[in-house]
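What follows is a single structure, written as structure tokens, with notes after it.
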Amino acid sequence: MSLIAKTSIQELNDRLDAVAVVEEYVRLEKKGGRWWGRCPFHAGGQEKTASFTVDPDKKMYHCFGCGKGGGIIGFVMEMDKITFPEAIKALARKTGVSLVYEDSGVEEKENPGDTRKEQLYELYGRMAVTYNYFLTKKADNAPAFQYIISRGINTETIEQFKLGFAPADRNWLYRFLSEKGYSPEFLDNSGLFSANYRKMAFFTNRIMFPIVDRQGKTLAFGGRDMPLDGKSSGKDVPRYLNSRDSDIFKKGQTLFAINLALDEIRRSKTVYLAEGYMDVIALHQAGIKNAVAPLGTAFTDDQAKLLRRWAEKAVLVFDSDTAGQNAAFKGILTCRKNGLSCSLTVPADENEAQEGEKIKDPADILQKFGPEALNKSMKCFINDFEYLISRSKTLYDVSIPDGKRAAMVFLFPYLELLDSEMERNDCIAIAADSFGADREAARKDFDRRHKEDKAGRVEAASGGEEPVRMNDELFLLTVAAVNPALYPELRRSLEIREIENPDAKELFVALEECFVNEESGMDALLARIGSQRLRDFVVRRGASGEFSDDAASGRNTAKLAEDGIKRIKGKRLRARLAEIVAELHRGGRNPGELSPDDLDELLTEKMRIDADIRKLEGR
């Protein structure tokens, strides 16, 4: 095998700008003759003072806290988890150095087939161009193009994000790539085709979102089902699909639009974190250039650590529905745990008042009111603790003792993440005053809870991460994860919008992607779960035997799943019933507040829900 010549390595080392290389991973500030930043290696990148230094002259790095250090090539190897030759090639491309090999003296030629990773990069880059061509140049795909335009996205933004379209024909792609010289073996493992039907395209009739890394390489795709008359193609067709994990793509470690947002994140030290592709695209078009999003999963620790290299503050822009607010709670904890301060903005109130209709997310605002209104709505923040107090008051009735206690307990996971005892005490006092609770009693409750072992329905997460909290939703999805034969019936009976628990939602998405892609087995499922803590949880629970049939104890997993579906549906129905009863009571106390039509509609819905509940209970 040819070796890279020492002269090439020396030339590369001479031309490397150590600060520029490291700043792709760590935010640095110059002090004296050195550059300083927070160490990316120790304490999860959460150290409070900068002990990590880069010497641009010696082209070295060192952390005085953990002792990690070495040359810049070694730094890239550590950060990207790549080999020495891979690091050399990556840095050579950035610096323009042509590599020479010792055995032949022949200048290296760029060859996309040199390694499997390079082949995948080349393939996905080619497909990004192809999908974009189909969207923007093929007349047959005009409905897809017009749909994007109807969402308020302009042609400049379409080109900036290289949006594309995958045709409905499932057979064209294999023919197309075979004609380009790709081998059947390579295509079988490219991630672009069905696992069981090797010549059928995985993405069909979908608007395509290229997922691009910081260096501008396309790693994967997200695909949105192309609506027909404004609706999804059908209940069995998931609205969004993502490429499965591969040699070049790890869903839980990647962020959509990081390639476009990174410069502004570095400049502002702030990142806007949205829920989905369309929200991020809308924010960029509105001038919010530091917006990114997770990829169909909950915001992970790995993603937070990545952002912490360049940002100090995260602004969460999550949907105003229940699922969005639950995701916001988890996002706050993930940010805090990984050293990011956190604020939130809920883009709804002003625009709802103008139109009298529900505005749920940035994409809605862009579509209905334009980029200026969206930009304006993103400038009003509430800090994370203020938001959590407000949220707890929405969830619990703090006028009664049980409500005060529940509201305080809701805040405990956040309080546990605060490093400063003074800050924690202040927050407990503020929360207690807001709930009308006794400060000292609230403090004692927290201290007792903080010291208790998390037992029962709280699973200790690996590596000191936030626990996975079991509830009816996660219980049901875990039954399906351990017993995949039960999932087809579950997906017919339950929709993802009915799931509120973020971990359960992530597991639902993973199960759905396995089902759609015809993948089976625990390995396939675990590969689609972005969170390591959730992967550990599923494996641990599966190994416990509690989700398996057991004749001796009479445990039947099919019955567990059936009962779980009934509990979730019953809970949602009862919650809606309580809302209707409250509206009827308000109407009774305030004559004229409800019109006759409103009253009739509420009573009709109440009767239907009562009937549905009786049916669930077998009455």
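The values are calculated or read from the model by the stated rules, or taken from the named source; none is laboratory data. Small disclaimer: the values here were computed from a predicted structure and weren't measured. Because the Cβ atoms are built from the backbone with ideal geometry, glycine has one as well, and the counts that use them run over all protein chains shown.
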Subject >> helices (runs of 4 or more DSSP H) wholly inside segment 126-206 that include at least 2 residues being over 29 Å from residue 524 (Cα atoms) and in contact (Cβ under 8 Å) with a residue 40 or more places away in the chain >> reply: 142-150, 155-161
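In this structure, does residue 372 turn out to be in the same structural domain as residue 268 (by TED's automatic domain parsing) and of a type outside the set (A, V, I, L, M, F, W, C)?
Working: in the same structural domain as residue 268 (by TED's automatic domain parsing): yes; of a type outside the set (A, V, I, L, M, F, W, C): yes.
Yes.
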Subject >> Residue that is exposed (fewer than 15 other Cβ atoms within 10 Å of the Cβ), modelled with pLDDT under 85 and of a type outside the set (S, T, N, Q), where the choices are 578, 551, 527, 485 >> reply: 551
**OP:** Just give me the residues in segment 264-294 being in contact (Cβ under 8 Å) with a residue 24 or more places away in the chain, among the charged types (D, E, K, R) and part of a helix (DSSP H, G or I), in sequence order.
**Re:** 264, 266, 279
**OP:** Show the residue pairs that are 6+ apart or on different chains and have beta-carbon atoms under 8 Å apart, the first residue being within segment 409-434 and within 21 Å of residue 335 (Cβ to Cβ), the second being part of a helix (DSSP H, G or I) and among the β-branched types (Val, Ile, Thr).
**Re:** 411/389; 414/332; 415/428; 430/389; 431/389
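Residue-by-condition table, conditions (1) crowded, with 16+ Cβ neighbours inside 10 Å; (2) among the aromatic types (Phe, Trp, Tyr):
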site: 129; (1), (2): no, no
site: 144; (1), (2): yes, no
site: 155; (1), (2): no, no
site: 172; (1), (2): no, yes
site: 175; (1), (2): no, no
site: 180; (1), (2): no, no
site: 184; (1), (2): no, no
site: 201; (1), (2): yes, no
site: 206; (1), (2): yes, no
Subject >> Residues within segment 5-27 that are closer than 18 Å to residue 263 by Cα and either part of a loop (DSSP other than H, G, I, E, B) or without any contact (Cβ under 8 Å) to a residue 12 or more places away in the chain (or both), tallied >> reply: 7
Subject >> Filtered residue count, segment 114-137, keeping only those that are touching a helix residue (DSSP H, G or I) at 6+ places or on another chain (Cβ under 9 Å) and under 12 Å from residue 167 (Cα atoms) >> reply: 4
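Condition check ((1) under 30 Å from the mean Cα position of the chain (by Cα); (2) of a type outside the set (S, T, N, Q); (3) part of a strand (DSSP E or B)) across all residues:
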residue	(1), (2), (3)
58	no, yes, no
65	no, yes, no
70	no, yes, yes
75	yes, yes, no
79	yes, yes, no
86	yes, yes, no
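Table: residues versus (1) β-branched (Val, Ile, Thr); (2) touching a Leu at 6+ places or on another chain (Cβ under 9 Å); (3) closer than 29 Å to residue 19 by Cα; (4) outside the structural domain of residue 83 (by TED's automatic domain parsing).
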position	(1), (2), (3), (4)
261	no, yes, yes, yes
273	no, yes, yes, yes
301	no, no, yes, yes
309	no, no, yes, yes
317	yes, yes, no, yes
**OP:** Answer yes if at least one residue in segment 532-542 is more than 18 Å from the chain's Cα centre (by Cα), part of a helix (DSSP H, G or I) and without any contact (Cβ under 8 Å) to a residue 60 or more places away in the chain, and no otherwise.
**Re:** yes
Original post:
For segment 570-612, which residues satisfy the criterion of being of a type outside the set (A, V, I, L, M, F, W, C), touching a residue at least 12 places away in the same chain (Cβ under 8 Å) and farther than 30 Å from residue 473 by Cα?
Top reply: 587
Subject >> Unmet criterion (only one of (1) modelled with pLDDT of 95 or more; (2) more than 22 Å from residue 248 (Cβ to Cβ); (3) not hydroxyl-bearing (Ser, Thr, Tyr)) for residue 168 >> reply: (1)
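I'd like the residue in segment 418-452 that is of a type outside the set (Ser, Thr, Tyr) and not in a helix (DSSP H, G or I) and, out of all such residues, is nearest to residue 399 (Cα to Cα). Spell out the reasoning first.
Step one: list which residues in segment 418-452 are of a type outside the set (Ser, Thr, Tyr), which gives 418-419, 421-433, 435-452.
Cutting the leftovers down to not in a helix (DSSP H, G or I) gives us 418-419, 436-438, 452.
On the way: 418: 27, 419: 31, 436: 8, 437: 10, 438: 13, 452: 27 Å.
Residue satisfying both the conditions and the ranking: 436.
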Original post:
If you scan segment 368-391, which residues turn out to be among the hydroxyl-bearing types (Ser, Thr, Tyr) and in contact (Cβ under 8 Å) with a residue 24 or more places away in the chain?
Top reply: 377, 387
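Let's see how each residue does on (1) under 17 Å from the mean Cα position of the chain (by Cα); (2) closer than 26 Å to residue 513 by Cβ; (3) surrounded by fewer than 24 Cβ atoms within 10 Å (Cβ to Cβ):
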residue: 272; (1), (2), (3): yes, no, no
residue: 289; (1), (2), (3): no, no, yes
residue: 302; (1), (2), (3): yes, yes, yes
residue: 312; (1), (2), (3): no, no, yes
residue: 316; (1), (2), (3): yes, yes, no
residue: 332; (1), (2), (3): yes, no, no
Original post:
Among the residues of segment 80-89, how many are surrounded by fewer than 16 Cβ atoms within 10 Å (Cβ to Cβ) and either of a type in the set (S, T, N, Q) or touching a residue at least 24 places away in the same chain (Cβ under 8 Å) (or both)?
Top reply: 2
**OP:** Inspect segment 28-35 for any residue being modelled with pLDDT of 80 or more and in a loop (DSSP other than H, G, I, E, B) and give the result as yes or no.
**Re:** yes
